[in-house]
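The values are calculated or read from the model by the stated rules, or taken from the named source; none is laboratory data. What you see is a predicted model, and the numbers here were worked out from it, not measured in a lab. No Cβ is skipped: glycine too gets one built from the backbone with ideal geometry, and neighbour counts run over all protein chains shown.
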Amino acid sequence: MTVTVVDFFSGCGGTSLGFRNAGMSIIAGIDNDPDAANTYRTNFPEATFFEEDIRKLKIKDVAAVIPKGNPVLFSGCAPCQPFSKQRRTEQDDDPRRFLLTEFQRFVVSLKPDYVVVENVPGMQKVEDAGPLKAFIAALQKHKYDVNYRILAAIDYGVPQVRRRLVLVAARKTVAVMPQPTHGPGGERYATFRDWASGIPEISAGGIDKDDPDHAAMKLSPLNLKRILATAEGRGRESWEDDLLLNCHRSHKGHSDVYGRLSWDKPASAMTTRCLSYSNGRYGHPEQPRAISLREAACLQTFPRDFRFSGSLLSKGRQVGNAVPPLLAQRIAETILSTLPR
């Protein structure tokens with residue numbers, strides 16, 4: 001017996017890949033981004049794909065692709081930007097805030113055996129009577145056991161510092177969360193070297209001849225000087241004055257921008273701007289460039305043969321938005337351990 005999965009807000013397929021690696025069967029993905037849709041179709045040819053806005057998707061169309069017999073899991077990793085701490089203003093009218101409610105429509109109608117939701121910790125606000133609180137209430141009304149927690153991806157073998165809110169719900173058994181595998185009492189934390197070493201050298205703006213996804217953003221002449229003046233694992237603290245921005249002179253904030261990663265430490269959290277040297281600690285540990293799309297994907301625990309579609313900026317957004325497949329795999333393995341033997 002296995003579990004069949006419908007992946008809502010699938011993006012490029014990080015959740016689906018992790019669930020498939022754990023032994024689940026991926027039957028459908030749903031997303032309205034054309035580039036992410038093409039990436040998903042390339043890497044999950046076995047699955048039906050709905051390239052459609054969930055607000056327009058019919059429940060009967062999803063029901064039609066679900067086979068009978070095995071338990072069913074709905075994954076709903078709705079876009080996280082409205083709840084990110086990086087957003088400096090509250091935008092309660094952002095329509096993405098209510099996509100979890102749209103996902104709820106499918107859950108309460110089709111009643112899958114399991115539900116998994118992943119989002120940024122900002123979605124979990126005690127004072128916020130918003131979509132997450134309403135979603136949990138709806139699950140409980142329909143007899144789901146619900147468990148949720150903020151998980152650090154680094155604790156599950158992912159080589160980056162990334163914290164995510166994960167919710168697991170189950171109708172016929174207890175909802176369980178994965179136990180950490182790395183850190184104190186477990187394996188050592190994974191590092192940049194573990195996942196992204198041995199990838200060919202390229203220059204800023206370069207593309208590897210054998211892997212079109214091993215491509216790096218261009219650098220301005222000034223940023224090239226800045227990264228050459230930056231040691232592995234360091235930031236702007238060692239720069240000469242002529243390399244500093246005015247805002248760097250006036251206060252001590254933003255210390256992580258224009259930084260290099262370390263070979264033997266976990267990386268910063270991959271975001272939708274993870275290919276940009278000026279938007280975080282995304283400089284390559286050694287080479288004078290930002291990390292490439294392939295290296296960013298490796299730090300998200302995608303395998304090196306996973307192929308992405310779209311422009312380099314679009315691919316970077318897909319990688320930054322993805323659930324790390326290894327984290328998804330750990331969640332799936334824990335769910336599978338609850339199945340009757």
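Here is how the numbers come out for the structure above:
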{"item": "Search result, residues across segment 319-341 that are surrounded by fewer than 24 Cβ atoms within 10 Å (Cβ to Cβ) and farther than 19 Å from M1 by Cα", "result": "G320, N321, L326"}
{"item": "For F135: the one exception among (1) within 22 Å of C298 (Cβ to Cβ); (2) under 22 Å from the mean Cα position of the chain (by Cα)", "result": "(1)"}
{"item": "Residue tally, condition over 12 Å from I199 (Cα atoms) and not small (G, A, S), over segment 210-223", "result": "7"}
{"item": "Members of segment 146-200 that are touching a residue at least 60 places away in the same chain (Cβ under 8 Å) and among the aromatic types (F, W, Y)", "result": "Y156, Y189, F192, W195"}
{"item": "Segment 278-310, subset among the small types (G, A, S), modelled with pLDDT of 95 or more and part of a loop (DSSP other than H, G, I, E, B), residue nearest to R20 (Cα to Cα)", "result": "S309"}
{"item": "Single residue of segment 257-268 satisfying the filter (small (G, A, S) and at pLDDT below 95) that is farthest from the chain's Cα centre (by Cα)", "result": "G259"}
{"item": "Selection from segment 279-313 of residues that are closer than 24 Å to V120 by Cβ, buried (at least 19 other Cβ atoms within 10 Å of the Cβ) and polar (S, T, N, Q)", "result": "Q300, T301"}
{"item": "Every residue from segment 15-35 that is buried (at least 24 other Cβ atoms within 10 Å of the Cβ) and more than 20 Å from E51 (Cα to Cα)", "result": "G18, F19, M24"}
{"item": "The listed residue being within 17 Å of the chain's Cα centre (by Cα), at pLDDT 95 or above, part of a loop (DSSP other than H, G, I, E, B) and over 19 Å from C77 (Cα atoms), out of L313, L275", "result": "L275"}
{"item": "Any chance S292 is under 14 Å from P159 (Cβ atoms) and either touching a strand residue (DSSP E or B) at 6+ places or on another chain (Cβ under 8 Å) or not small (G, A, S) (or both)", "result": "no"}
{"item": "Selection status of V117, touching a Cys at 6+ places or on another chain (Cβ under 9 Å) and modelled with pLDDT of 90 or more", "result": "yes"}
{"item": "Index of the failed condition, G233 passing every other in (1) assigned to a loop (DSSP other than H, G, I, E, B); (2) at negative phi", "result": "(2)"}
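This table checks each residue for (1) touching a strand residue (DSSP E or B) at 6+ places or on another chain (Cβ under 9 Å); (2) within 23 Å of K315 (Cα to Cα); (3) part of a loop (DSSP other than H, G, I, E, B); (4) not small (G, A, S).
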| position | (1), (2), (3), (4) |
| --- | --- |
| Q140 | yes, no, no, yes |
| N147 | yes, no, no, yes |
| V158 | yes, yes, yes, yes |
| M177 | yes, no, yes, yes |
| Y189 | yes, no, yes, yes |
| I199 | no, yes, yes, yes |
